[in-house]
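Read through the structure below, which is laid out as C-alpha coordinates, and then see the notes.
The values are calculated or read from the model by the stated rules, or taken from the named source; none is laboratory data. Treat the numbers as computed from the prediction; the structure is a model and nothing was measured. Methodologically, a virtual Cβ is constructed for each residue, glycine included, from the backbone with ideal geometry; neighbour enumeration extends over all protein chains shown. The protein model used for the area step is the full one, side chains on, heavy atoms only, and it has no ligands, DNA or RNA in it. Shrake-Rupley method; radii C 1.70, N 1.55, O 1.52, S 1.80 Å.
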Amino acid sequence: QIRDSATLTRDVLEQHFSDLKGTLKKLLDERLLSLLQQVDVIEQESIKPLDECQKLIEHGVSTADDLLREGESAVDGDVGQQNEKLCNFTKKALHIQLDSLPEVPSLVDVPCLSAQLDDCLLTILKNQIFRHGTVASRPPVQLEEFVEKPGGILVRWCKVDDDFIPQDYRLQFRKSAASPFEDVYVGSETEFMVLHIDPNVDYQFRVCARGDGRQEWSPWSVPQSGRTTLVPHEWTAGLEGYSLSSRRNIALRNDSQSCGVLYSKAPTYFCGQTLTFRQTVGQPDRRDSLGVCVEQRNGDESLQRDQAVCVSTNGAVFVNGKEMTNQLPAVTSGSTVTFDMEVVQLGPCSNEGGNFKLRVTISSNNREVVFDWVLDQCCGSLYFGCSFSYPGWKVLVF
(Lines give C-alpha, C1' and ligand atoms only; values in the text may rest on other atoms or scores of the structure.)
Protein backbone atom coordinates (compact mmCIF):
# COMPACT_ATOMS: atom_id res chain seq x y z
CA GLN A 1 0.00 0.00 0.00
CA ILE A 2 2.81 2.44 0.87
CA ARG A 3 4.69 1.72 -2.37
CA ASP A 4 1.53 1.83 -4.49
CA SER A 5 0.33 5.12 -2.97
CA ALA A 6 3.83 6.63 -3.29
CA THR A 7 4.01 5.63 -6.96
CA LEU A 8 0.52 7.03 -7.59
CA THR A 9 1.40 10.27 -5.79
CA ARG A 10 4.55 10.69 -7.92
CA ASP A 11 2.54 10.15 -11.09
CA VAL A 12 -0.09 12.68 -10.00
CA LEU A 13 2.55 15.30 -9.11
CA GLU A 14 4.47 14.84 -12.36
CA GLN A 15 1.33 15.02 -14.47
CA HIS A 16 0.02 18.07 -12.61
CA PHE A 17 3.24 20.05 -12.97
CA SER A 18 3.60 18.98 -16.60
CA ASP A 19 0.10 20.34 -17.24
CA LEU A 20 1.01 23.54 -15.40
CA LYS A 21 4.11 24.01 -17.57
CA GLY A 22 2.08 23.61 -20.74
CA THR A 23 -0.61 25.99 -19.52
CA LEU A 24 1.91 28.64 -18.39
CA LYS A 25 3.76 28.48 -21.72
CA LYS A 26 0.49 28.86 -23.58
CA LEU A 27 -0.53 31.85 -21.45
CA LEU A 28 2.89 33.52 -21.88
CA ASP A 29 2.80 32.97 -25.65
CA GLU A 30 -0.69 34.48 -25.82
CA ARG A 31 0.42 37.51 -23.78
CA LEU A 32 3.52 38.01 -25.96
CA LEU A 33 1.41 37.88 -29.11
CA SER A 34 -1.02 40.43 -27.65
CA LEU A 35 1.80 42.86 -26.80
CA LEU A 36 3.42 42.47 -30.25
CA GLN A 37 0.04 43.22 -31.85
CA GLN A 38 -0.20 46.40 -29.75
CA VAL A 39 3.26 47.48 -31.04
CA ASP A 40 2.16 46.84 -34.63
CA VAL A 41 -1.03 48.90 -34.20
CA ILE A 42 0.76 51.89 -32.57
CA GLU A 43 3.50 51.79 -35.22
CA GLN A 44 1.04 51.77 -38.11
CA GLU A 45 -1.16 54.51 -36.67
CA SER A 46 1.80 56.77 -35.77
CA ILE A 47 3.87 56.39 -38.94
CA LYS A 48 1.02 57.09 -41.37
CA PRO A 49 0.86 60.96 -40.96
CA LEU A 50 4.67 61.16 -40.97
CA ASP A 51 4.83 59.20 -44.24
CA GLU A 52 2.24 61.55 -45.78
CA CYS A 53 4.25 64.60 -44.61
CA GLN A 54 7.42 63.14 -46.11
CA LYS A 55 5.69 62.58 -49.45
CA LEU A 56 4.54 66.23 -49.55
CA ILE A 57 8.05 67.51 -48.79
CA GLU A 58 9.63 65.26 -51.40
CA HIS A 59 7.06 66.41 -53.96
CA GLY A 60 7.84 70.11 -53.15
CA VAL A 61 11.59 69.58 -53.44
CA SER A 62 11.13 67.78 -56.75
CA THR A 63 8.99 70.64 -58.09
CA ALA A 64 11.61 73.18 -56.98
CA ASP A 65 14.38 71.19 -58.72
CA ASP A 66 12.41 71.09 -61.93
CA LEU A 67 11.78 74.85 -61.75
CA LEU A 68 15.46 75.51 -61.00
CA ARG A 69 16.58 73.55 -64.05
CA GLU A 70 14.00 75.37 -66.19
CA GLY A 71 15.36 78.72 -64.93
CA GLU A 72 18.95 77.74 -65.72
CA SER A 73 17.87 76.71 -69.20
CA ALA A 74 16.15 80.08 -69.74
CA VAL A 75 19.28 82.01 -68.71
CA ASP A 76 21.62 79.90 -70.83
CA GLY A 77 19.51 80.03 -74.02
CA ASP A 78 20.05 82.32 -77.05
CA VAL A 79 18.69 85.83 -77.03
CA GLY A 80 15.74 84.98 -79.30
CA GLN A 81 14.33 82.28 -77.05
CA GLN A 82 15.53 83.76 -73.77
CA ASN A 83 12.72 86.27 -73.38
CA GLU A 84 10.04 83.66 -74.07
CA LYS A 85 11.58 81.15 -71.64
CA LEU A 86 12.04 83.76 -68.95
CA CYS A 87 8.41 84.81 -69.37
CA ASN A 88 7.19 81.21 -69.01
CA PHE A 89 9.54 80.65 -66.06
CA THR A 90 8.22 83.73 -64.31
CA LYS A 91 4.58 82.70 -64.76
CA LYS A 92 5.28 79.22 -63.50
CA ALA A 93 7.19 80.46 -60.51
CA LEU A 94 4.31 82.71 -59.52
CA HIS A 95 1.90 79.74 -59.41
CA ILE A 96 4.14 77.45 -57.32
CA GLN A 97 4.33 78.07 -53.57
CA LEU A 98 7.93 77.25 -52.89
CA ASP A 99 7.85 78.76 -49.42
CA SER A 100 5.00 76.48 -48.22
CA LEU A 101 5.79 73.28 -46.27
CA PRO A 102 3.42 70.86 -44.50
CA GLU A 103 3.26 70.99 -40.73
CA VAL A 104 5.82 68.61 -39.29
CA PRO A 105 5.03 67.22 -35.79
CA SER A 106 7.44 68.26 -33.11
CA LEU A 107 9.73 65.63 -31.69
CA VAL A 108 7.81 65.42 -28.38
CA ASP A 109 4.60 64.59 -30.29
CA VAL A 110 6.12 61.67 -32.16
CA PRO A 111 5.61 58.27 -30.38
CA CYS A 112 8.66 56.39 -29.17
CA LEU A 113 7.74 52.80 -28.29
CA SER A 114 9.24 50.87 -25.40
CA ALA A 115 8.36 47.82 -23.31
CA GLN A 116 7.82 48.01 -19.54
CA LEU A 117 8.46 44.63 -17.93
CA ASP A 118 8.09 44.44 -14.17
CA ASP A 119 10.24 41.80 -12.51
CA CYS A 120 7.78 41.54 -9.60
CA LEU A 121 5.82 38.95 -11.63
CA LEU A 122 8.69 36.52 -11.19
CA THR A 123 8.71 37.17 -7.44
CA ILE A 124 4.95 36.59 -7.20
CA LEU A 125 5.12 33.41 -9.29
CA LYS A 126 8.09 32.15 -7.29
CA ASN A 127 6.26 32.63 -3.98
CA GLN A 128 3.09 30.99 -5.31
CA ILE A 129 4.93 28.06 -6.89
CA PHE A 130 6.90 27.32 -3.73
CA ARG A 131 3.62 27.15 -1.78
CA HIS A 132 1.74 25.18 -4.44
CA GLY A 133 0.85 21.60 -3.56
CA THR A 134 1.28 19.51 -0.45
CA VAL A 135 2.01 15.87 0.28
CA ALA A 136 -0.05 14.29 3.05
CA SER A 137 0.68 10.91 4.57
CA ARG A 138 -2.81 10.40 6.05
CA PRO A 139 -6.17 11.62 4.65
CA PRO A 140 -8.59 13.10 7.22
CA VAL A 141 -11.50 10.80 6.19
CA GLN A 142 -11.69 7.09 5.50
CA LEU A 143 -14.27 4.67 4.17
CA GLU A 144 -15.92 2.82 7.03
CA GLU A 145 -18.57 0.38 5.81
CA PHE A 146 -20.24 -1.09 2.72
CA VAL A 147 -23.81 -2.36 3.10
CA GLU A 148 -25.24 -4.55 0.36
CA LYS A 149 -28.51 -3.37 -1.16
CA PRO A 150 -30.49 -4.75 -4.12
CA GLY A 151 -28.68 -3.31 -7.12
CA GLY A 152 -26.77 -0.86 -4.93
CA ILE A 153 -24.28 -0.33 -2.12
CA LEU A 154 -24.77 1.90 0.90
CA VAL A 155 -21.34 3.49 1.49
CA ARG A 156 -20.47 5.00 4.88
CA TRP A 157 -17.36 6.97 5.81
CA CYS A 158 -15.98 8.69 8.90
CA LYS A 159 -13.54 11.40 9.95
CA VAL A 160 -10.25 10.08 11.36
CA ASP A 161 -8.50 13.41 12.00
CA ASP A 162 -9.89 15.04 15.16
CA ASP A 163 -8.43 18.44 14.22
CA PHE A 164 -10.10 18.46 10.80
CA ILE A 165 -13.50 20.23 10.57
CA PRO A 166 -15.28 19.00 7.42
CA GLN A 167 -17.72 21.10 5.46
CA ASP A 168 -18.43 18.76 2.51
CA TYR A 169 -17.54 15.24 1.47
CA ARG A 170 -16.86 13.93 -2.02
CA LEU A 171 -17.39 10.27 -2.89
CA GLN A 172 -16.10 8.68 -6.11
CA PHE A 173 -16.27 5.17 -7.55
CA ARG A 174 -15.15 3.17 -10.57
CA LYS A 175 -16.00 -0.25 -11.94
CA SER A 176 -12.47 -1.40 -12.77
CA ALA A 177 -8.89 -0.30 -12.22
CA ALA A 178 -8.66 0.71 -15.87
CA SER A 179 -11.60 3.11 -15.57
CA PRO A 180 -11.34 6.66 -14.20
CA PHE A 181 -12.99 7.54 -10.89
CA GLU A 182 -16.32 9.38 -11.18
CA ASP A 183 -18.07 11.68 -8.71
CA VAL A 184 -21.16 10.01 -7.29
CA TYR A 185 -21.88 12.27 -4.29
CA VAL A 186 -20.90 15.70 -2.96
CA GLY A 187 -22.52 16.92 0.26
CA SER A 188 -22.43 17.04 4.03
CA GLU A 189 -23.78 13.53 4.77
CA THR A 190 -21.46 10.70 5.85
CA GLU A 191 -23.26 7.99 3.87
CA PHE A 192 -24.69 7.58 0.39
CA MET A 193 -26.64 4.93 -1.47
CA VAL A 194 -24.85 4.21 -4.77
CA LEU A 195 -27.40 2.81 -7.23
CA HIS A 196 -27.08 1.10 -10.63
CA ILE A 197 -24.53 -1.37 -9.26
CA ASP A 198 -24.17 -4.66 -11.11
CA PRO A 199 -24.36 -7.63 -8.70
CA ASN A 200 -21.26 -9.73 -7.98
CA VAL A 201 -18.91 -7.11 -9.45
CA ASP A 202 -16.20 -5.38 -7.42
CA TYR A 203 -16.31 -1.57 -7.44
CA GLN A 204 -13.61 0.71 -6.04
CA PHE A 205 -14.56 3.64 -3.83
CA ARG A 206 -12.67 6.59 -2.34
CA VAL A 207 -13.69 9.68 -0.38
CA CYS A 208 -12.18 13.06 0.48
CA ALA A 209 -13.37 16.14 2.35
CA ARG A 210 -13.24 19.92 2.18
CA GLY A 211 -12.42 21.81 5.36
CA ASP A 212 -14.71 24.46 6.76
CA GLY A 213 -14.32 27.65 4.72
CA ARG A 214 -11.78 26.05 2.33
CA GLN A 215 -11.97 25.61 -1.42
CA GLU A 216 -9.45 22.80 -1.93
CA TRP A 217 -10.20 19.13 -1.24
CA SER A 218 -8.23 16.94 1.14
CA PRO A 219 -6.19 13.92 -0.02
CA TRP A 220 -8.21 10.89 -1.08
CA SER A 221 -8.81 8.02 1.29
CA VAL A 222 -7.29 4.63 0.56
CA PRO A 223 -9.42 3.10 -2.26
CA GLN A 224 -11.49 0.14 -1.08
CA SER A 225 -13.56 -2.44 -2.93
CA GLY A 226 -17.25 -3.05 -2.36
CA ARG A 227 -19.82 -5.29 -4.03
CA THR A 228 -23.41 -6.44 -3.73
CA THR A 229 -24.66 -9.96 -4.26
CA LEU A 230 -28.30 -8.83 -4.30
CA VAL A 231 -30.01 -8.48 -7.67
CA PRO A 232 -31.61 -5.07 -8.29
CA HIS A 233 -35.29 -4.43 -7.76
CA GLU A 234 -37.11 -4.30 -11.10
CA TRP A 235 -40.67 -3.61 -12.17
CA THR A 236 -42.39 -6.07 -14.50
CA ALA A 237 -42.28 -4.89 -18.10
CA GLY A 238 -45.27 -5.02 -20.43
CA LEU A 239 -48.12 -3.62 -18.33
CA GLU A 240 -50.03 -1.21 -20.56
CA GLY A 241 -50.50 1.57 -18.03
CA TYR A 242 -46.81 1.99 -17.14
CA SER A 243 -43.58 2.94 -18.93
CA LEU A 244 -40.27 1.75 -17.47
CA SER A 245 -36.73 3.10 -17.49
CA SER A 246 -33.93 1.15 -19.18
CA ARG A 247 -32.92 -0.45 -15.86
CA ARG A 248 -36.61 -1.06 -15.03
CA ASN A 249 -36.21 0.44 -11.55
CA ILE A 250 -38.33 3.51 -12.43
CA ALA A 251 -42.00 3.23 -13.41
CA LEU A 252 -44.01 6.08 -14.96
CA ARG A 253 -47.81 6.02 -15.00
CA ASN A 254 -48.58 6.96 -18.58
CA ASP A 255 -51.72 8.32 -20.26
CA SER A 256 -53.20 4.91 -20.92
CA GLN A 257 -56.73 4.40 -19.60
CA SER A 258 -55.75 0.89 -18.52
CA CYS A 259 -55.19 0.58 -14.79
CA GLY A 260 -54.07 -2.14 -12.43
CA VAL A 261 -51.27 -3.12 -10.10
CA LEU A 262 -47.68 -3.00 -11.40
CA TYR A 263 -45.72 -5.73 -9.62
CA SER A 264 -42.01 -6.42 -9.23
CA LYS A 265 -40.41 -8.80 -11.70
CA ALA A 266 -39.57 -11.24 -8.87
CA PRO A 267 -39.97 -11.49 -5.08
CA THR A 268 -36.70 -9.63 -4.44
CA TYR A 269 -37.64 -7.99 -1.12
CA PHE A 270 -36.34 -9.97 1.88
CA CYS A 271 -37.22 -9.42 5.53
CA GLY A 272 -34.46 -7.55 7.32
CA GLN A 273 -33.88 -5.21 4.37
CA THR A 274 -35.23 -1.71 3.73
CA LEU A 275 -37.40 -1.20 0.67
CA THR A 276 -37.56 2.43 -0.50
CA PHE A 277 -39.89 4.17 -2.95
CA ARG A 278 -39.13 7.71 -4.15
CA GLN A 279 -41.81 9.35 -6.26
CA THR A 280 -42.83 12.32 -8.38
CA VAL A 281 -46.48 13.07 -7.72
CA GLY A 282 -49.45 13.30 -10.03
CA GLN A 283 -53.16 13.65 -9.28
CA PRO A 284 -53.92 11.52 -6.19
CA ASP A 285 -56.74 9.03 -5.76
CA ARG A 286 -57.85 7.08 -2.69
CA ARG A 287 -57.25 3.79 -4.56
CA ASP A 288 -53.54 4.56 -5.15
CA SER A 289 -51.11 2.22 -3.40
CA LEU A 290 -47.42 1.55 -2.73
CA GLY A 291 -46.50 -1.59 -0.85
CA VAL A 292 -45.59 -5.30 -0.68
CA CYS A 293 -47.54 -8.50 -1.11
CA VAL A 294 -47.16 -12.25 -0.88
CA GLU A 295 -47.99 -12.98 -4.51
CA GLN A 296 -48.90 -11.36 -7.79
CA ARG A 297 -52.60 -11.28 -8.61
CA ASN A 298 -53.86 -10.14 -11.97
CA GLY A 299 -57.11 -8.22 -12.14
CA ASP A 300 -56.69 -6.18 -8.94
CA GLU A 301 -56.86 -2.39 -9.25
CA SER A 302 -54.98 -1.74 -5.98
CA LEU A 303 -52.83 -3.35 -3.31
CA GLN A 304 -55.57 -2.50 -0.82
CA ARG A 305 -56.43 -6.22 -0.57
CA ASP A 306 -55.66 -9.30 1.47
CA GLN A 307 -52.10 -10.73 1.56
CA ALA A 308 -50.71 -7.20 1.12
CA VAL A 309 -49.72 -4.12 3.10
CA CYS A 310 -49.58 -0.71 1.45
CA VAL A 311 -49.83 3.03 1.91
CA SER A 312 -52.06 5.25 -0.21
CA THR A 313 -50.83 8.51 -1.69
CA ASN A 314 -52.97 10.37 0.86
CA GLY A 315 -51.12 8.62 3.73
CA ALA A 316 -53.68 5.95 4.63
CA VAL A 317 -52.17 2.58 5.63
CA PHE A 318 -53.90 -0.69 4.63
CA VAL A 319 -53.22 -4.17 6.06
CA ASN A 320 -54.90 -7.06 4.25
CA GLY A 321 -57.34 -4.58 2.72
CA LYS A 322 -58.34 -2.92 6.03
CA GLU A 323 -57.49 0.72 6.71
CA MET A 324 -55.57 1.37 9.92
CA THR A 325 -56.33 4.15 12.38
CA ASN A 326 -52.79 5.56 12.24
CA GLN A 327 -51.92 7.47 9.10
CA LEU A 328 -48.81 8.86 7.46
CA PRO A 329 -48.45 12.28 5.79
CA ALA A 330 -49.57 12.50 2.16
CA VAL A 331 -46.92 11.63 -0.41
CA THR A 332 -45.06 14.63 -1.85
CA SER A 333 -42.68 14.97 -4.81
CA GLY A 334 -39.18 13.81 -3.92
CA SER A 335 -40.23 12.25 -0.62
CA THR A 336 -39.53 8.62 0.19
CA VAL A 337 -41.67 5.83 1.60
CA THR A 338 -39.72 3.00 3.25
CA PHE A 339 -40.79 -0.49 4.35
CA ASP A 340 -38.85 -2.44 7.00
CA MET A 341 -39.90 -5.92 8.13
CA GLU A 342 -38.68 -8.46 10.67
CA VAL A 343 -40.02 -11.92 11.38
CA VAL A 344 -41.98 -12.64 14.57
CA GLN A 345 -43.02 -16.30 14.40
CA LEU A 346 -46.09 -17.36 16.37
CA GLY A 347 -46.18 -21.07 15.65
CA PRO A 348 -44.30 -23.80 13.83
CA CYS A 349 -43.39 -22.82 10.33
CA SER A 350 -43.39 -25.65 7.82
CA ASN A 351 -44.08 -26.25 4.17
CA GLU A 352 -47.65 -27.09 5.10
CA GLY A 353 -48.13 -23.58 6.47
CA GLY A 354 -48.69 -22.16 9.90
CA ASN A 355 -49.09 -18.96 11.86
CA PHE A 356 -46.52 -16.41 10.70
CA LYS A 357 -46.19 -12.79 11.75
CA LEU A 358 -44.08 -9.95 10.40
CA ARG A 359 -43.32 -6.76 12.29
CA VAL A 360 -43.77 -3.98 9.70
CA THR A 361 -42.50 -0.39 9.90
CA ILE A 362 -43.59 2.08 7.23
CA SER A 363 -41.92 5.53 7.27
CA SER A 364 -42.66 8.68 5.31
CA ASN A 365 -41.82 12.36 5.85
CA ASN A 366 -40.22 11.77 9.29
CA ARG A 367 -43.20 9.81 10.60
CA GLU A 368 -43.71 6.07 10.89
CA VAL A 369 -46.32 3.46 11.75
CA VAL A 370 -45.51 0.05 13.22
CA PHE A 371 -47.83 -2.96 13.18
CA ASP A 372 -47.87 -6.75 12.97
CA TRP A 373 -48.87 -8.45 9.73
CA VAL A 374 -50.20 -11.99 10.27
CA LEU A 375 -49.90 -14.45 7.38
CA ASP A 376 -50.90 -18.06 6.98
CA GLN A 377 -47.59 -19.12 5.44
CA CYS A 378 -43.88 -18.55 5.79
CA CYS A 379 -42.63 -15.82 3.45
CA GLY A 380 -38.89 -15.40 3.09
CA SER A 381 -39.29 -12.97 0.20
CA LEU A 382 -42.06 -10.68 -1.02
CA TYR A 383 -43.17 -8.90 -4.16
CA PHE A 384 -43.60 -5.13 -4.21
CA GLY A 385 -46.08 -3.17 -6.27
CA CYS A 386 -47.83 0.10 -6.99
CA SER A 387 -51.05 1.33 -8.53
CA PHE A 388 -52.07 4.83 -9.63
CA SER A 389 -55.37 5.90 -11.13
CA TYR A 390 -54.06 9.00 -12.94
CA PRO A 391 -50.99 9.67 -15.10
CA GLY A 392 -47.93 11.67 -13.98
CA TRP A 393 -46.80 9.48 -11.10
CA LYS A 394 -43.20 8.26 -11.29
CA VAL A 395 -41.71 5.81 -8.78
CA LEU A 396 -38.07 4.82 -8.23
CA VAL A 397 -37.57 1.67 -6.16
CA PHE A 398 -34.37 0.66 -4.40
Any idea what the relative contact order of the range 242-397 is, in percent, if you count C-alpha pairs under 8 Å spaced at least 6 apart? 35
Starting at the first residue of the range 141-158, write each ³J(HN,Hα) from the Karplus equation 6.51 cos²θ - 1.76 cosθ + 1.60 with θ = phi - 60°, in whole Hz, x for Gly and Pro. 10, 9, 5, 10, 7, 10, 10, 5, 10, x, x, x, 9, 8, 9, 10, 9, 8
Environment charge at ASP11 (Cβ cut-off 15 Å; Lys +1, Arg +1, Asp -1, Glu -1): -1
As an exercise, use a Förster radius of 35 Å and the Cβ-Cβ distance of LEU27 and ASP198 to find the FRET efficiency, rounded to the nearest 0.05. 0.20
Testing the spin-label approximation: label points 7 Å from Cα along Cα→Cβ at LEU50 and LEU121. State their distance in nm. 2.7
Cut-off 12 Å between beta-carbons: net charge of the residues surrounding GLU189, Lys and Arg +1, Asp and Glu -1: 0
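Add -39500 (n - 2.57) for each DSSP H run of 4 or more in the chain, then divide by its residues: what number comes out at 222 nm, to the nearest 500 deg cm²/dmol? Please list the in-between numbers first.
Working: 3 runs with 104 residues, N = 398.
Only helices count here, giving -9500 deg cm²/dmol.
Just the accessible area per residue of the chain, please: how many Å² with a 1.4 Å probe? Mind dumping the intermediate values first?
Numbers: 25050 Å² over 398 residues.
Per-residue accessible area for the chain comes out at 63 Å².
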Using a 10 Å cut-off on Cβ atoms, rank the peptides 242-252, 327-337, 123-133 from the highest mean neighbour count down. 242-252, 327-337, 123-133
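Classify the range 242-397: rounded, prolate or oblate, from the alpha-carbon gyration tensor (a ≥ b ≥ c, eigenvalue square roots; a/c under 1.5 rounded; otherwise prolate if a/b is larger than b/c)? Before the final figure, lay out each step's value.
Details: a/c = 1.81, a/b = 1.51, b/c = 1.20.
Cα axes put the range 242-397 in the prolate bin.
Taking 22 Å as R0, compute the FRET efficiency from the Cβ-Cβ separation of GLN345 and GLN296 and round it to 0.05.
Computed FRET efficiency for GLN345 and GLN296 comes out at 0.35.
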First compute the accessible area of the chain with a 1.4 Å probe, then give the percent of it belonging to carbon and sulfur atoms. 51
tail above 40 Å in the computed P(r) of the chain, as % of all Cα-Cα pairs, reads 52
Placing +1 at every Lys and Arg Cβ and -1 at every Asp and Glu Cβ, with all other atoms neutral, what dipole size does the chain have around its Cα centre, in debye to the nearest 20? 2300
Taking amide hydrogens as modeled 1.01 Å from N in the peptide plane, which residues meet the under 5 Å criterion relative to ILE197, leaving out close sequence neighbours? GLY152
Which whole-Hz couplings ³J(HN,Hα) result when phi for each residue of the range 362-379 is put into the Karplus expression 6.51 cos²θ - 1.76 cosθ + 1.60, θ = phi - 60°, listed in order with x for Gly and Pro? 10, 10, 7, 6, 6, 10, 8, 10, 10, 7, 9, 10, 8, 10, 9, 8, 6, 10
Determine the relative contact order of the chain: mean sequence separation of Cα pairs under 8 Å and six or more apart, normalised by residue count, in whole percent. 12
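Give me the net charge for the shell around VAL337: Cβ to Cβ below 13 angstrom, other residues only, Lys and Arg +1, Asp and Glu -1.
On the way: positive: ARG278, ARG367; negative: ASP288, ASP340, GLU368.
Within the 13 Å Cβ shell, the charges total -1.
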Quick one: if you stick a label point 7 Å off each Cα along the C-beta vector at PHE181 and GLU148, how many nm between them? 2.6
In whole Hz and in residue order, list the ³J(HN,Hα) couplings for the range 336-344 that follow from phi through the Karplus curve 6.51 cos²θ - 1.76 cosθ + 1.60, θ = phi - 60°; x for Gly and Pro. 10, 10, 10, 10, 10, 9, 9, 7, 10
How much accessible area does VAL147 have with a 1.4 Å probe, in Å² rounded to the nearest 10? 40
Order these peptides, 379-387, 26-34, by their mean beta-carbon neighbour count within 10 angstrom, highest first. 379-387, 26-34
Under a 5 Å amide H to amide H cut-off, with H placed in plane at 1.01 Å, what residues pair with GLY211 once short-range neighbours are removed? GLN167, SER218
Among CYS378, CYS112, what's the order by accessible area (1.4 angstrom probe), most exposed first? CYS112, CYS378
Rounded to the nearest 10 Å², the 1.4 Å probe accessible area of SER62 is 60
Residues whose placed amide H lies under 5 Å from that of GLY321, excluding near-sequence neighbours: ARG305, ALA308
